[in-house]
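Down below is the structure, laid out as structure tokens.
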Amino acid sequence: MTADSTPALVKQADADTDGPAPAAPPAARGPRARNTKAYLKYVAAKIAGAAVSLFAVLVTSFFLFRLIPSDPVKQMTGGRPVSAEQLDSLRRQFGLDQPMWQQFTSYVGDALTGDFGTSFQYHAPVMDKITEALPATLLLTGTAYVLYSALGIWLGTRTAWRNGSKSDRFHTALALTLYSVPSFWLGLLLIIVFSVGVGPIPGMFPTGGLESGNESGFAYVLDVAHHMVLPVITLVAVGYAQTLLVMRSSLLDEMGSDYLTTARAKGLRDDAVRRRHAVPNAMLPTFTLMFVNLGHVVAGQILVETVFSWPGLGGLFYQGLSVPDLPLVQGLFFVFATAVILANTLADLLYPLLDPRVGR
């Protein structure tokens, strides 16, 4: 048996040097955990608010269009002589003979399952008509959205950075003018000048519609693009003006900030100061506006589509109002409002990624 010859003091020193065994990492605490919890509460509040707004829209869409002083059944008969028995039969067929509360509960119950009923004038499910017209609206308003967002941000940045210059005064005055012009009036003016022709300017573009109806292949693509020119110009003219004004105002607010002075003092070029520091912070209000406009991409532009006879959701809504086709306009109104509410909610959820102060 061999005795341990290591002195006790050496053992104690070794134990003190080794120290205690490493402890398990503590659970997440502190500012990061608090921020995550606060953000989750922020997300839950925004989603709950969106759900309440959607239900309010559902209720509003039912009662709003019943305030129109018109009888849908008589409008559908086109003024032809119809007996009272036939009118009563049509009302029973479309459920208009039921008490208002029963119509409302049936509408809400069906709408929650995605069923908005059958169109009075088309005799087809409302969702089928919406699905049929949606691609045309997305093509027109989506193209315009990309163009006027990019143009508005670019020109808004340049005009604000050169505040007071001739270029700034020109673009600001032009944007204010276009922003105050009704879109349908601008569309009519473009039709008169570039479709009908005025003086030496010949009619170069179609007065309306999506296509000529006799093209195929690549010629069809060019034909559709030809029909899109005037309505896209109309939407871009109004949309870019709004984006430019918001971007310009936001960037002007940032230009006097101390962090930009510090960036210049470090030797950064003026272009780098604008691109890396000023523009990202100035983008926050523009970011919100872009998501609001993104909701309008689905909602379409009712007046512009009507003026140019564009076969999208906006034109369909106008045709539904003329009857009034209650199931059709109720379904379209709910789709329009839902698109805007969801776009705003998505902007609210993404906003903390741009500004960490939001959602704390």
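What the table below lists for this structure:
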quantity: Residue match in segment 239-256 (condition: over 30 Å from Ile302 (Cα atoms), assigned to a helix (DSSP H, G or I) and among the β-branched types (Val, Ile, Thr)); calculated: no
quantity: Meets criteria (of a type outside the set (Lys, Arg), under 24 Å from Gly295 (Cα atoms) and modelled with pLDDT under 90) for Val181; calculated: yes
quantity: Unique match (being open to solvent by less than 30 Å² (accessible area, probe 1.4 Å), of a type in the set (A, V, I, L, M, F, W, C), in contact with a Ser or Thr (Cβ under 8 Å, 6 or more places away or on another chain) and modelled with pLDDT of 80 or more) among Leu251, Leu245; calculated: Leu251
quantity: Residues satisfying the stated conditions in segment 256-279, i.e. under 11 Å from Thr157 (Cβ atoms) and modelled with pLDDT of 75 or more; calculated: Arg274, Ala278, Val279
quantity: Odd one out for Glu254 among (1) in contact with a Phe, Trp or Tyr (Cβ under 8 Å, 6 or more places away or on another chain); (2) closer than 15 Å to Ala160 by Cβ; calculated: (1)
quantity: Boolean, Leu251 is within 21 Å of the chain's Cα centre (by Cα) and within 23 Å of Tyr148 (Cα to Cα); calculated: no
quantity: Near pairs, Cβ below 6 angstrom, 6+ apart or cross-chain, from segment 314-340 (without any contact (Cβ under 8 Å) to a residue 60 or more places away in the chain) to any residue that is of a type in the set (S, T, N, Q) and in a helix (DSSP H, G or I); calculated: Tyr318/Thr306
quantity: Residue within segment 164-171 that is under 28 Å from His277 (Cβ atoms), among the aromatic types (Phe, Trp, Tyr) and at pLDDT 90 or above present; calculated: yes
quantity: Qualifying residue in segment 196-206 (condition: within 22 Å of Thr288 (Cα to Cα) and out of contact with any Leu (no Cβ under 8 Å at 6 or more places or on another chain)); calculated: no
quantity: Complete set of residues in segment 122-163 that are polar (S, T, N, Q), surrounded by fewer than 21 Cβ atoms within 10 Å (Cβ to Cβ) and touching a helix residue (DSSP H, G or I) at 6+ places or on another chain (Cβ under 9 Å); calculated: Thr143, Ser149, Asn163
quantity: Out of Ile192, Ile233, Ile201, sole residue that is free of Cβ contacts under 8 Å to residues at least 60 places away in the same chain, open to solvent by 20 Å² or more (accessible area, probe 1.4 Å) and within 30 Å of Asn344 (Cα to Cα); calculated: Ile233
quantity: Pick from segment 164-181, criterion open to solvent by 90 Å² or more (accessible area, probe 1.4 Å) and in contact (Cβ under 8 Å) with a residue 60 or more places away in the chain, ranking: farthest from Val236 (Cα to Cα); calculated: Leu176
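Table: residues versus (1) over 23 Å from Phe116 (Cα atoms); (2) touching a helix residue (DSSP H, G or I) at 6+ places or on another chain (Cβ under 6 Å); (3) surrounded by 19 or more Cβ atoms within 10 Å (Cβ to Cβ).
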residue	(1), (2), (3)
Thr262	yes, no, no
Ala265	yes, no, no
Pro280	yes, no, no
Val292	yes, no, no
Val297	no, yes, yes
Val304	yes, yes, yes
Phe308	yes, yes, yes
Gly331	no, yes, yes
Leu350	yes, no, no
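The values are calculated or read from the model by the stated rules, or taken from the named source; none is laboratory data. The structure displayed is predicted, hence computed values, not measured ones. Here Cβ is always computed from backbone atoms with ideal geometry, including for glycine, and neighbour counts include all displayed protein chains. The area values use the complete protein model at the heavy-atom level, side chains included, leaving out ligands, DNA and RNA. Shrake-Rupley method; radii C 1.70, N 1.55, O 1.52, S 1.80 Å.
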